[in-house]
Amino acid sequence: MGTNRRSFLKLSGLAGIGLMTGCTQENKAPTTAKLDHIRLEATKKYSSTFNMSGYAAPKIPTVRVGFIGVGNRGSAAVERLSQIEGVAINGICDVRPEKAAEAKGRIKTAGHPAQLFTDNAEHWKKMCEQADYDLVYIATHWQLHAEMAIYAMEQGKHVALEIPAATSVEDCWRLVQTSEKTKKHCVMLENCCYDYFELLTLNLARHGFFGDIVHCEGAYIHDILESFFDAEKRFDFWRLKENAARNGNLYPTHGLGPVCQVLKVNRGNKMEYMSSMSSKDFMLQQKAKEMAAKDKQFEAYAEKPLRGNMNISNILTHSGSTIMLQHDVSSPRPYSRLHLISGTKAFAQKYPLPGKIAIGHADFLPSEEMAKLEQQYTPGIVKRIGELAKQIGGHGGMDFMMDWRLIDCLRNGLPMDMDVYDAASWSVIGPLSEWSVANGSQPIEVPDFTCGNWKNNKVHDIDLAAAETSAALS
(Lines give C-alpha, C1' and ligand atoms only; values in the text may rest on other atoms or scores of the structure.)
Protein backbone atom coordinates (compact mmCIF):
# COMPACT_ATOMS: atom_id res chain seq x y z
CA MET A 1 0.00 0.00 0.00
CA GLY A 2 1.50 3.35 -1.00
CA THR A 3 2.15 6.15 1.41
CA ASN A 4 -0.44 8.39 -0.15
CA ARG A 5 -3.14 5.73 0.17
CA ARG A 6 -2.21 5.07 3.78
CA SER A 7 -2.46 8.76 4.56
CA PHE A 8 -5.81 8.97 2.76
CA LEU A 9 -7.24 6.03 4.71
CA LYS A 10 -5.98 7.48 7.96
CA LEU A 11 -7.56 10.84 7.23
CA SER A 12 -10.76 9.17 6.04
CA GLY A 13 -10.96 7.18 9.23
CA LEU A 14 -10.52 10.30 11.34
CA ALA A 15 -13.18 12.06 9.30
CA GLY A 16 -15.50 9.10 9.86
CA ILE A 17 -14.99 9.32 13.57
CA GLY A 18 -15.86 12.97 13.38
CA LEU A 19 -19.09 12.23 11.55
CA MET A 20 -20.04 9.48 14.00
CA THR A 21 -19.45 11.67 17.04
CA GLY A 22 -20.82 14.85 15.57
CA CYS A 23 -17.42 16.55 15.95
CA THR A 24 -15.95 18.70 13.21
CA GLN A 25 -12.52 20.17 12.88
CA GLU A 26 -12.32 23.94 12.84
CA ASN A 27 -9.40 25.72 11.25
CA LYS A 28 -8.54 28.26 13.88
CA ALA A 29 -5.43 30.36 14.07
CA PRO A 30 -3.28 29.30 17.06
CA THR A 31 -3.87 31.46 20.09
CA THR A 32 -0.97 33.12 21.87
CA ALA A 33 -0.32 31.68 25.31
CA LYS A 34 -0.61 34.03 28.25
CA LEU A 35 2.57 34.99 30.12
CA ASP A 36 4.50 33.31 27.31
CA HIS A 37 7.75 35.04 28.31
CA ILE A 38 7.83 32.58 31.23
CA ARG A 39 7.55 29.54 28.95
CA LEU A 40 10.17 30.93 26.56
CA GLU A 41 12.63 31.49 29.42
CA ALA A 42 11.93 27.99 30.77
CA THR A 43 12.80 26.36 27.43
CA LYS A 44 16.16 28.11 26.99
CA LYS A 45 19.18 25.86 27.30
CA TYR A 46 22.46 26.80 28.95
CA SER A 47 25.73 25.06 29.71
CA SER A 48 27.51 24.84 33.03
CA THR A 49 30.79 26.70 33.49
CA PHE A 50 31.54 25.28 36.96
CA ASN A 51 29.67 22.84 39.18
CA MET A 52 28.86 24.47 42.53
CA SER A 53 27.26 21.29 43.92
CA GLY A 54 29.73 19.81 46.37
CA TYR A 55 32.08 22.76 45.96
CA ALA A 56 34.12 23.59 49.07
CA ALA A 57 35.19 27.25 49.11
CA PRO A 58 38.35 28.26 51.02
CA LYS A 59 37.96 28.31 54.80
CA ILE A 60 36.94 31.56 56.50
CA PRO A 61 37.92 31.35 60.20
CA THR A 62 35.86 34.43 61.07
CA VAL A 63 32.87 35.02 58.79
CA ARG A 64 32.29 38.77 58.44
CA VAL A 65 28.60 39.30 57.76
CA GLY A 66 26.54 42.15 56.38
CA PHE A 67 22.73 42.14 56.63
CA ILE A 68 20.38 43.74 54.10
CA GLY A 69 16.79 44.11 55.28
CA VAL A 70 16.15 43.77 59.00
CA GLY A 71 12.43 44.39 59.37
CA ASN A 72 11.24 41.02 60.68
CA ARG A 73 13.17 37.95 59.55
CA GLY A 74 16.41 39.86 59.16
CA SER A 75 16.50 41.32 62.66
CA ALA A 76 15.91 37.88 64.19
CA ALA A 77 18.78 36.53 62.10
CA VAL A 78 21.08 39.26 63.46
CA GLU A 79 20.32 38.05 66.97
CA ARG A 80 20.88 34.38 66.09
CA LEU A 81 24.16 34.85 64.22
CA SER A 82 25.56 37.00 67.01
CA GLN A 83 25.47 33.85 69.17
CA ILE A 84 27.62 31.73 66.85
CA GLU A 85 31.39 31.63 67.37
CA GLY A 86 33.42 32.81 64.42
CA VAL A 87 30.93 35.46 63.27
CA ALA A 88 31.56 39.19 63.07
CA ILE A 89 28.52 41.30 62.19
CA ASN A 90 30.18 44.17 60.37
CA GLY A 91 27.19 45.87 58.78
CA ILE A 92 23.42 46.26 58.89
CA CYS A 93 21.49 47.89 56.06
CA ASP A 94 17.85 48.96 55.87
CA VAL A 95 15.99 51.85 54.25
CA ARG A 96 14.44 52.52 57.65
CA PRO A 97 17.17 53.77 60.03
CA GLU A 98 15.11 52.85 63.09
CA LYS A 99 14.91 49.21 61.97
CA ALA A 100 18.66 49.03 61.46
CA ALA A 101 19.24 50.49 64.91
CA GLU A 102 16.76 48.06 66.48
CA ALA A 103 18.48 45.12 64.80
CA LYS A 104 21.86 46.26 66.09
CA GLY A 105 20.34 46.38 69.55
CA ARG A 106 19.47 42.68 69.29
CA ILE A 107 23.14 41.64 69.08
CA LYS A 108 23.84 39.37 72.05
CA THR A 109 27.65 39.18 72.17
CA ALA A 110 30.68 41.46 71.86
CA GLY A 111 32.90 41.90 68.82
CA HIS A 112 30.35 43.13 66.27
CA PRO A 113 31.03 46.65 64.93
CA ALA A 114 27.79 46.59 62.90
CA GLN A 115 28.10 49.77 60.84
CA LEU A 116 24.68 51.02 59.75
CA PHE A 117 23.91 51.64 56.07
CA THR A 118 20.67 53.62 55.94
CA ASP A 119 21.32 56.66 53.74
CA ASN A 120 19.14 55.63 50.78
CA ALA A 121 17.63 52.70 48.89
CA GLU A 122 20.95 52.02 47.12
CA HIS A 123 23.19 52.13 50.20
CA TRP A 124 23.34 48.31 50.32
CA LYS A 125 25.64 48.41 47.29
CA LYS A 126 28.28 50.30 49.26
CA MET A 127 28.27 47.60 51.91
CA CYS A 128 28.65 44.87 49.27
CA GLU A 129 31.56 46.74 47.69
CA GLN A 130 33.59 46.95 50.88
CA ALA A 131 36.39 44.46 51.46
CA ASP A 132 35.65 43.57 55.08
CA TYR A 133 32.70 41.26 54.32
CA ASP A 134 32.59 37.57 53.46
CA LEU A 135 28.85 36.90 53.55
CA VAL A 136 25.85 39.06 52.65
CA TYR A 137 22.63 37.95 54.34
CA ILE A 138 19.54 39.20 52.44
CA ALA A 139 16.08 39.41 54.03
CA THR A 140 14.34 42.10 51.98
CA HIS A 141 11.09 41.71 50.07
CA TRP A 142 11.15 39.14 47.25
CA GLN A 143 11.64 41.37 44.23
CA LEU A 144 15.05 42.53 45.49
CA HIS A 145 16.49 39.12 46.35
CA ALA A 146 18.05 38.19 43.02
CA GLU A 147 19.37 41.66 42.20
CA MET A 148 21.09 41.98 45.56
CA ALA A 149 22.47 38.44 45.55
CA ILE A 150 23.93 38.80 42.07
CA TYR A 151 25.57 42.12 42.90
CA ALA A 152 27.02 40.76 46.15
CA MET A 153 28.51 37.71 44.41
CA GLU A 154 29.99 39.95 41.73
CA GLN A 155 31.69 41.88 44.54
CA GLY A 156 33.27 38.66 45.79
CA LYS A 157 30.84 37.83 48.60
CA HIS A 158 29.06 34.62 49.47
CA VAL A 159 25.30 35.08 49.72
CA ALA A 160 22.51 33.77 51.92
CA LEU A 161 19.07 34.98 50.89
CA GLU A 162 15.55 34.51 52.11
CA ILE A 163 12.92 32.61 50.16
CA PRO A 164 12.16 32.61 47.31
CA ALA A 165 15.57 33.33 45.82
CA ALA A 166 14.00 34.81 42.67
CA THR A 167 10.57 35.43 41.19
CA SER A 168 11.38 34.92 37.49
CA VAL A 169 12.93 32.12 35.44
CA GLU A 170 15.47 34.56 34.04
CA ASP A 171 16.66 35.61 37.50
CA CYS A 172 16.96 31.98 38.60
CA TRP A 173 19.37 31.40 35.70
CA ARG A 174 21.25 34.61 36.50
CA LEU A 175 21.80 33.43 40.07
CA VAL A 176 23.16 30.11 38.81
CA GLN A 177 25.42 31.67 36.22
CA THR A 178 26.78 34.28 38.65
CA SER A 179 27.50 31.69 41.35
CA GLU A 180 29.31 29.48 38.85
CA LYS A 181 31.29 32.40 37.39
CA THR A 182 32.37 33.85 40.75
CA LYS A 183 32.59 30.54 42.65
CA LYS A 184 30.66 32.18 45.46
CA HIS A 185 27.99 30.26 47.32
CA CYS A 186 24.37 31.31 46.91
CA VAL A 187 22.41 29.66 49.70
CA MET A 188 18.65 30.08 49.98
CA LEU A 189 17.58 30.21 53.63
CA GLU A 190 15.01 27.42 53.54
CA ASN A 191 14.70 26.83 57.28
CA CYS A 192 12.14 24.03 56.91
CA CYS A 193 14.91 21.75 55.66
CA TYR A 194 16.21 21.91 59.24
CA ASP A 195 12.95 21.02 60.95
CA TYR A 196 13.51 18.04 63.24
CA PHE A 197 10.84 15.80 61.70
CA GLU A 198 11.91 16.69 58.16
CA LEU A 199 15.51 15.78 59.00
CA LEU A 200 14.36 12.52 60.57
CA THR A 201 12.39 11.52 57.47
CA LEU A 202 15.30 12.54 55.23
CA ASN A 203 17.62 10.23 57.14
CA LEU A 204 15.03 7.45 57.07
CA ALA A 205 14.73 7.83 53.30
CA ARG A 206 18.49 7.65 52.89
CA HIS A 207 18.55 4.39 54.82
CA GLY A 208 15.83 2.89 52.60
CA PHE A 209 13.16 2.90 55.31
CA PHE A 210 10.43 4.08 52.93
CA GLY A 211 11.54 1.84 50.08
CA ASP A 212 11.05 3.52 46.72
CA ILE A 213 9.45 6.94 47.11
CA VAL A 214 6.15 7.00 45.23
CA HIS A 215 4.72 10.39 46.17
CA CYS A 216 5.47 13.43 48.34
CA GLU A 217 3.41 16.42 49.40
CA GLY A 218 4.28 19.80 50.85
CA ALA A 219 2.38 22.96 51.65
CA TYR A 220 2.42 26.44 53.00
CA ILE A 221 -1.01 27.15 54.46
CA HIS A 222 -0.92 30.17 56.72
CA ASP A 223 -3.66 32.74 57.22
CA ILE A 224 -1.73 36.03 57.02
CA LEU A 225 -4.43 38.00 55.22
CA GLU A 226 -4.61 40.77 57.85
CA SER A 227 -0.87 41.41 57.54
CA PHE A 228 -1.20 42.21 53.84
CA PHE A 229 -2.76 45.52 54.85
CA ASP A 230 -0.38 46.29 57.74
CA ALA A 231 2.57 48.46 56.69
CA GLU A 232 4.45 47.64 59.89
CA LYS A 233 4.36 43.93 59.15
CA ARG A 234 4.75 44.20 55.35
CA PHE A 235 6.92 47.15 54.39
CA ASP A 236 5.29 49.14 51.59
CA PHE A 237 2.56 46.45 51.47
CA TRP A 238 4.92 44.30 49.40
CA ARG A 239 3.08 41.04 50.08
CA LEU A 240 -0.23 42.55 48.97
CA LYS A 241 1.43 43.77 45.78
CA GLU A 242 2.74 40.27 45.03
CA ASN A 243 -0.72 38.76 45.41
CA ALA A 244 -2.22 41.47 43.23
CA ALA A 245 0.28 40.98 40.41
CA ARG A 246 0.77 37.20 40.29
CA ASN A 247 -1.51 34.14 40.42
CA GLY A 248 0.17 30.86 41.29
CA ASN A 249 2.18 29.28 44.07
CA LEU A 250 4.14 32.35 45.12
CA TYR A 251 5.83 30.71 48.10
CA PRO A 252 6.61 27.09 47.21
CA THR A 253 9.85 26.33 48.96
CA HIS A 254 8.76 25.58 52.56
CA GLY A 255 6.93 22.48 51.37
CA LEU A 256 9.09 21.73 48.34
CA GLY A 257 12.60 21.99 49.78
CA PRO A 258 12.41 19.11 52.28
CA VAL A 259 10.75 16.70 49.84
CA CYS A 260 13.23 17.60 47.11
CA GLN A 261 15.98 16.56 49.49
CA VAL A 262 14.16 13.28 50.18
CA LEU A 263 13.84 12.69 46.42
CA LYS A 264 17.49 13.67 45.79
CA VAL A 265 16.50 16.42 43.35
CA ASN A 266 19.65 17.93 41.79
CA ARG A 267 21.66 15.08 43.31
CA GLY A 268 20.66 11.96 41.38
CA ASN A 269 17.18 13.09 40.34
CA LYS A 270 15.47 16.12 38.86
CA MET A 271 12.05 17.67 38.40
CA GLU A 272 10.78 17.12 34.84
CA TYR A 273 7.59 19.15 34.45
CA MET A 274 4.70 20.57 36.44
CA SER A 275 1.12 21.80 36.14
CA SER A 276 -0.81 24.13 38.39
CA MET A 277 -4.28 25.46 39.08
CA SER A 278 -5.68 28.10 41.39
CA SER A 279 -9.12 28.53 42.89
CA LYS A 280 -10.82 31.83 42.25
CA ASP A 281 -10.31 34.59 44.79
CA PHE A 282 -13.04 34.29 47.42
CA MET A 283 -11.46 36.60 50.00
CA LEU A 284 -8.62 38.92 48.96
CA GLN A 285 -10.58 41.41 46.89
CA GLN A 286 -13.39 41.40 49.43
CA LYS A 287 -10.86 42.31 52.13
CA ALA A 288 -9.38 45.00 49.89
CA LYS A 289 -12.83 46.53 49.44
CA GLU A 290 -13.36 46.57 53.21
CA MET A 291 -10.00 48.25 53.74
CA ALA A 292 -10.56 50.72 50.89
CA ALA A 293 -13.71 51.94 52.63
CA LYS A 294 -11.47 52.98 55.54
CA ASP A 295 -8.30 53.94 53.69
CA LYS A 296 -8.17 55.25 50.11
CA GLN A 297 -4.68 53.86 49.47
CA PHE A 298 -6.27 50.42 49.04
CA GLU A 299 -8.81 51.50 46.41
CA ALA A 300 -6.64 50.24 43.53
CA TYR A 301 -6.70 46.73 45.00
CA ALA A 302 -10.45 46.79 45.46
CA GLU A 303 -10.97 47.19 41.71
CA LYS A 304 -8.64 44.49 40.37
CA PRO A 305 -8.57 40.68 40.57
CA LEU A 306 -6.19 39.20 43.12
CA ARG A 307 -4.55 35.79 43.41
CA GLY A 308 -6.78 32.77 43.89
CA ASN A 309 -6.87 31.71 47.52
CA MET A 310 -5.72 28.11 47.00
CA ASN A 311 -3.11 26.96 44.53
CA ILE A 312 -2.36 23.30 43.84
CA SER A 313 0.72 22.35 41.82
CA ASN A 314 1.78 18.87 40.70
CA ILE A 315 5.31 17.90 39.69
CA LEU A 316 6.73 14.76 38.05
CA THR A 317 10.35 13.85 38.75
CA HIS A 318 12.80 11.91 36.61
CA SER A 319 12.56 8.96 39.01
CA GLY A 320 8.81 8.75 38.37
CA SER A 321 7.89 10.05 41.80
CA THR A 322 5.26 12.77 42.07
CA ILE A 323 5.03 15.89 44.24
CA MET A 324 1.90 17.81 45.17
CA LEU A 325 2.22 21.34 46.59
CA GLN A 326 -0.42 23.58 48.15
CA HIS A 327 -0.30 27.30 48.82
CA ASP A 328 -2.94 29.32 50.69
CA VAL A 329 -2.22 32.43 52.76
CA SER A 330 -5.67 33.97 52.94
CA SER A 331 -8.23 31.36 54.06
CA PRO A 332 -9.22 30.99 57.73
CA ARG A 333 -7.78 27.56 58.45
CA PRO A 334 -5.15 26.14 60.81
CA TYR A 335 -1.50 26.55 59.92
CA SER A 336 -0.05 23.66 57.95
CA ARG A 337 3.33 23.06 56.44
CA LEU A 338 2.32 19.63 55.21
CA HIS A 339 5.22 17.20 54.90
CA LEU A 340 4.19 13.84 53.47
CA ILE A 341 6.26 10.95 52.15
CA SER A 342 4.65 7.85 50.68
CA GLY A 343 6.91 4.93 49.79
CA THR A 344 6.63 1.28 48.88
CA LYS A 345 7.46 0.28 52.48
CA ALA A 346 6.38 3.11 54.78
CA PHE A 347 4.57 6.43 55.06
CA ALA A 348 5.19 9.65 57.01
CA GLN A 349 3.13 12.79 57.56
CA LYS A 350 3.36 15.92 59.65
CA TYR A 351 0.42 18.32 60.06
CA PRO A 352 -1.70 17.75 61.94
CA LEU A 353 1.03 17.71 64.56
CA PRO A 354 2.97 15.79 65.70
CA GLY A 355 4.61 14.05 62.76
CA LYS A 356 3.73 10.38 62.47
CA ILE A 357 5.03 7.33 60.63
CA ALA A 358 3.22 4.20 59.46
CA ILE A 359 4.38 0.84 58.17
CA GLY A 360 1.47 -0.57 56.23
CA HIS A 361 -2.12 0.64 56.07
CA ALA A 362 -3.35 -0.36 59.53
CA ASP A 363 -2.32 2.63 61.67
CA PHE A 364 0.51 4.95 62.65
CA LEU A 365 3.27 3.65 64.88
CA PRO A 366 2.67 4.04 68.64
CA SER A 367 4.74 6.57 70.55
CA GLU A 368 7.20 4.01 71.89
CA GLU A 369 7.98 2.77 68.37
CA MET A 370 8.39 6.34 67.17
CA ALA A 371 10.84 6.99 70.00
CA LYS A 372 12.92 4.01 68.85
CA LEU A 373 13.01 5.30 65.30
CA GLU A 374 14.05 8.75 66.48
CA GLN A 375 16.81 7.29 68.62
CA GLN A 376 18.16 5.21 65.75
CA TYR A 377 17.73 7.61 62.83
CA THR A 378 18.07 11.15 64.20
CA PRO A 379 20.89 12.56 62.03
CA GLY A 380 24.16 13.82 63.40
CA ILE A 381 23.40 17.51 62.90
CA VAL A 382 20.40 17.28 65.26
CA LYS A 383 22.38 15.29 67.80
CA ARG A 384 25.13 17.89 67.68
CA ILE A 385 23.19 21.14 67.70
CA GLY A 386 19.51 20.34 68.10
CA GLU A 387 19.08 21.00 71.81
CA LEU A 388 21.00 24.25 71.77
CA ALA A 389 19.01 25.31 68.70
CA LYS A 390 15.79 24.82 70.64
CA GLN A 391 17.11 27.04 73.42
CA ILE A 392 18.16 29.86 71.09
CA GLY A 393 15.03 29.44 69.00
CA GLY A 394 13.67 30.55 65.68
CA HIS A 395 10.64 28.45 64.71
CA GLY A 396 11.43 25.88 67.36
CA GLY A 397 15.16 25.85 66.66
CA MET A 398 15.28 25.12 62.95
CA ASP A 399 16.24 28.73 62.12
CA PHE A 400 19.27 28.61 64.38
CA MET A 401 20.30 25.19 63.11
CA MET A 402 20.14 26.54 59.55
CA ASP A 403 22.27 29.57 60.43
CA TRP A 404 24.77 27.53 62.43
CA ARG A 405 25.23 25.09 59.56
CA LEU A 406 25.71 27.93 57.07
CA ILE A 407 28.47 29.47 59.19
CA ASP A 408 29.95 26.06 60.01
CA CYS A 409 30.36 25.26 56.30
CA LEU A 410 31.92 28.63 55.52
CA ARG A 411 34.34 28.48 58.45
CA ASN A 412 35.51 24.98 57.67
CA GLY A 413 35.48 24.99 53.90
CA LEU A 414 32.65 22.48 53.57
CA PRO A 415 30.13 22.12 50.72
CA MET A 416 26.78 23.76 51.32
CA ASP A 417 23.69 21.77 52.28
CA MET A 418 21.62 23.92 49.90
CA ASP A 419 23.44 25.28 46.85
CA VAL A 420 22.48 27.67 44.08
CA TYR A 421 20.81 24.90 42.05
CA ASP A 422 18.44 24.23 44.93
CA ALA A 423 17.76 27.96 45.26
CA ALA A 424 16.90 28.19 41.56
CA SER A 425 14.92 24.98 41.08
CA TRP A 426 12.82 25.38 44.22
CA SER A 427 12.12 29.06 43.53
CA VAL A 428 11.31 28.64 39.82
CA ILE A 429 8.11 26.79 40.69
CA GLY A 430 6.63 30.22 41.44
CA PRO A 431 6.76 31.67 37.91
CA LEU A 432 6.16 28.27 36.28
CA SER A 433 2.96 27.89 38.29
CA GLU A 434 1.86 31.36 37.14
CA TRP A 435 2.20 30.29 33.50
CA SER A 436 0.34 27.01 34.04
CA VAL A 437 -2.53 28.69 35.92
CA ALA A 438 -2.87 31.30 33.19
CA ASN A 439 -2.97 28.61 30.48
CA GLY A 440 -5.57 26.18 31.74
CA SER A 441 -3.21 24.13 33.91
CA GLN A 442 -1.09 23.06 30.97
CA PRO A 443 2.19 21.36 31.89
CA ILE A 444 5.45 23.25 31.67
CA GLU A 445 9.00 21.95 31.77
CA VAL A 446 11.11 22.60 34.88
CA PRO A 447 14.54 23.84 33.80
CA ASP A 448 17.56 21.76 34.75
CA PHE A 449 19.73 24.38 36.41
CA THR A 450 22.52 21.82 36.94
CA CYS A 451 22.84 21.38 33.15
CA GLY A 452 23.01 17.62 33.52
CA ASN A 453 25.30 17.51 36.56
CA TRP A 454 22.41 16.19 38.67
CA LYS A 455 23.30 12.71 37.42
CA ASN A 456 26.56 12.67 39.39
CA ASN A 457 26.06 15.22 42.18
CA LYS A 458 26.21 13.74 45.69
CA VAL A 459 23.70 14.28 48.50
CA HIS A 460 24.67 16.68 51.28
CA ASP A 461 26.02 15.61 54.66
CA ILE A 462 23.48 15.54 57.50
CA ASP A 463 25.59 13.41 59.85
CA LEU A 464 28.48 15.88 60.12
CA ALA A 465 31.11 13.52 58.77
CA ALA A 466 33.60 16.34 59.23
CA ALA A 467 32.53 16.82 62.85
CA GLU A 468 36.10 17.26 64.01
CA THR A 469 36.24 20.58 62.15
CA SER A 470 32.75 21.86 62.93
CA ALA A 471 32.52 25.30 64.50
CA ALA A 472 32.18 25.53 68.26
CA LEU A 473 29.46 27.71 69.73
CA SER A 474 29.79 30.59 72.14
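The values are calculated or read from the model by the stated rules, or taken from the named source; none is laboratory data. Not measured: the values here are computed from a predicted model. Backbone-built Cβ (ideal geometry, glycine too); neighbour counts: all protein chains shown. The area values use the complete protein model at the heavy-atom level, side chains included, leaving out ligands, DNA and RNA. Shrake-Rupley method; radii C 1.70, N 1.55, O 1.52, S 1.80 Å.
Quick check, is LYS241 under 24 Å from the mean Cα position of the chain (by Cα), in a loop (DSSP other than H, G, I, E, B) and either modelled with pLDDT under 95 or surrounded by fewer than 21 Cβ atoms within 10 Å (Cβ to Cβ) (or both)? Before you say what the answer is, go through the steps one by one.
Details: under 24 Å from the mean Cα position of the chain (by Cα): yes; in a loop (DSSP other than H, G, I, E, B): no; either modelled with pLDDT under 95 or surrounded by fewer than 21 Cβ atoms within 10 Å (Cβ to Cβ) (or both): yes.
Spelling it out, it is not the case that LYS241 is under 24 Å from the mean Cα position of the chain (by Cα), in a loop (DSSP other than H, G, I, E, B) and either modelled with pLDDT under 95 or surrounded by fewer than 21 Cβ atoms within 10 Å (Cβ to Cβ) (or both).
Is it the case that CYS172 is surrounded by 21 or more Cβ atoms within 10 Å (Cβ to Cβ) and under 23 Å from HIS37 (Cα atoms)? Write out each step before concluding.
Working: surrounded by 21 or more Cβ atoms within 10 Å (Cβ to Cβ): yes; under 23 Å from HIS37 (Cα atoms): yes.
The answer is yes for CYS172.
Being closer than 26 Å to TRP404 by Cβ and out of contact with any Phe, Trp or Tyr (no Cβ under 8 Å at 6 or more places or on another chain) is the filter here, so list the residues in the stretch 352-369 that pass it.
Within the stretch 352-369, just LEU353 meets the criteria.
Kindly provide the set of residues from the stretch 151-169 that are in a helix (DSSP H, G or I), free of Cβ contacts under 8 Å to residues at least 60 places away in the same chain and either buried (at least 20 other Cβ atoms within 10 Å of the Cβ) or at positive phi (or both), ordered by number. Can you show your working first?
Start the filter on the stretch 151-169 by keeping residues that are in a helix (DSSP H, G or I), which leaves 151-154, 169.
Among the residues that remain, those that are also free of Cβ contacts under 8 Å to residues at least 60 places away in the same chain are: 151-154.
ALA152, MET153 - these are the residues of the stretch 151-169 that are in a helix (DSSP H, G or I), free of Cβ contacts under 8 Å to residues at least 60 places away in the same chain and either buried (at least 20 other Cβ atoms within 10 Å of the Cβ) or at positive phi (or both).
For the stretch 70-107, what are the residues that are assigned to a loop (DSSP other than H, G, I, E, B) and closer than 21 Å to ILE392 by Cβ? Steps first, answer last, please.
First, pick out the residues of the stretch 70-107 that are assigned to a loop (DSSP other than H, G, I, E, B): 70-72, 82-86, 94-96, 106-107.
Selection gives VAL70, GLY71, ASN72, SER82, GLN83, ILE84, GLU85, GLY86, ARG106, ILE107.
Based on what the data block shows, is LYS270 crowded, with 19+ Cβ neighbours inside 10 Å, out of contact with any Phe, Trp or Tyr (no Cβ under 6 Å at 6 or more places or on another chain) and closer than 30 Å to LEU340 by Cα?
On the way: crowded, with 19+ Cβ neighbours inside 10 Å: yes; out of contact with any Phe, Trp or Tyr (no Cβ under 6 Å at 6 or more places or on another chain): no; closer than 30 Å to LEU340 by Cα: yes.
Taking the combined requirement at face value, the residue does not satisfy it.
Name the residue, out of SER427, SER436, that is open to solvent by less than 40 Å² (accessible area, probe 1.4 Å), farther than 20 Å from PRO258 by Cα, among the polar types (S, T, N, Q) and touching a strand residue (DSSP E or B) at 6+ places or on another chain (Cβ under 8 Å). Show your work before the answer.
Details: SER427 fails: farther than 20 Å from PRO258 by Cα.
Testing whether each residue is open to solvent by less than 40 Å² (accessible area, probe 1.4 Å), farther than 20 Å from PRO258 by Cα, among the polar types (S, T, N, Q) and touching a strand residue (DSSP E or B) at 6+ places or on another chain (Cβ under 8 Å) leaves just SER436.
Considering only residues that are farther than 16 Å from PRO332 by Cβ, of a type in the set (A, V, I, L, M) and either in contact with a strand residue (DSSP E or B) (Cβ under 9 Å, 6 or more places away or on another chain) or in a loop (DSSP other than H, G, I, E, B) (or both), which ones fall in the stretch 279-308?
Result: ALA293, LEU306.
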